[in-house]
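J.: Starting off with a structure, shown below.
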Amino acid sequence: MQYKEKYPQLYQFLGGYFPDADLFDLSDEEVTINYKAEARPESVSEVIKELEALVSDPPSWQTAAEDANRYFEHPDDIVDWLRGIRRILASENRL
């Protein structure tokens, strides 16, 4: 199964919110907070679940980073980035 099919909500989130963030001088944290504020709670919950699954799917890490227009020197950096996004989304504050 392809990345887009395995992680449909995450694919939409990363591809829809991250690529143009640099144009607006937004940090990854700000992008994630904006998504959390705008998205339905069900969508946020699904993205969290998909992030948890993705962390255990190393072949898909690079694809996720590319969808978000992010480049990392080491795969561990991608995992740290994904975990940081998950932490923000899972925080109790709805924002």
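The values are calculated or read from the model by the stated rules, or taken from the named source; none is laboratory data. This is a predicted model, so every value here is computed, not measured. Counting neighbours? That spans all protein chains shown, and the Cβs are built from the backbone with ideal geometry, glycine included. Surface areas here come from the heavy atoms of the whole protein model, side chains and all, with no ligands, DNA or RNA. Shrake-Rupley method; radii C 1.70, N 1.55, O 1.52, S 1.80 Å.
J.: When the accessible area of the chain is computed with all protein chains present and a 1.4 Å probe, what percentage of it is carbon and sulfur?
T.: On the way: 2720 of 5800 Å².
Result for the chain: 47 percent of the exposed heavy-atom area is carbon or sulfur.
J.: Here's a follow-up. Considering the options Tyr7, Ser27, Thr63, tell which one lies farthest towards the positive end of the dipole of the stretch 7-90, charges being +1 on Lys and Arg and -1 on Asp and Glu at the Cβ, about the Cα centre.
T.: So the residue furthest toward the plus end is Tyr7.
J.: Not counting ligands, DNA or RNA, and with a 1.4 Å probe, what is Phe24's accessible surface area in Å² rounded to the nearest 10?
T.: Around 150 Å² of this residue is reachable by solvent.
J.: What is the sum of charges around Arg83, taking Lys and Arg as +1, Asp and Glu as -1, for the other residues whose C-beta is under 15 Å from the C-beta of Arg83? Provide the component values of the computation, followed by the final result.
T.: Working: positive: Lys49, Arg70, Arg86, Arg87; negative: Asp28, Glu29, Glu50, Glu52, Asp57, Asp76, Asp77, Asp80.
Net charge around Arg83: -4.
J.: So if I place +1 on the C-beta of Lys and Arg and -1 on the C-beta of Asp and Glu, and nothing else carries charge, what would the dipole magnitude of the chain be about its Cα centre? I want it in debye, nearest 20.
T.: Values: 10 positive and 20 negative charges, 82 e Å.
Magnitude of the dipole: close to 400 debye.
J.: Run the helix sum for the chain: -39,500 (n - 2.57) per DSSP H stretch of 4+ residues, divided by residue count, reported at 222 nm to the nearest 500 deg cm²/dmol.
T.: The helix contribution divided over the chain gives -20000 deg cm²/dmol.
J.: Counting C-alpha atoms alone, how compact is the stretch 7-90: give Rg to one decimal and Dmax as a whole number, in angstrom.
T.: 11.6, 33
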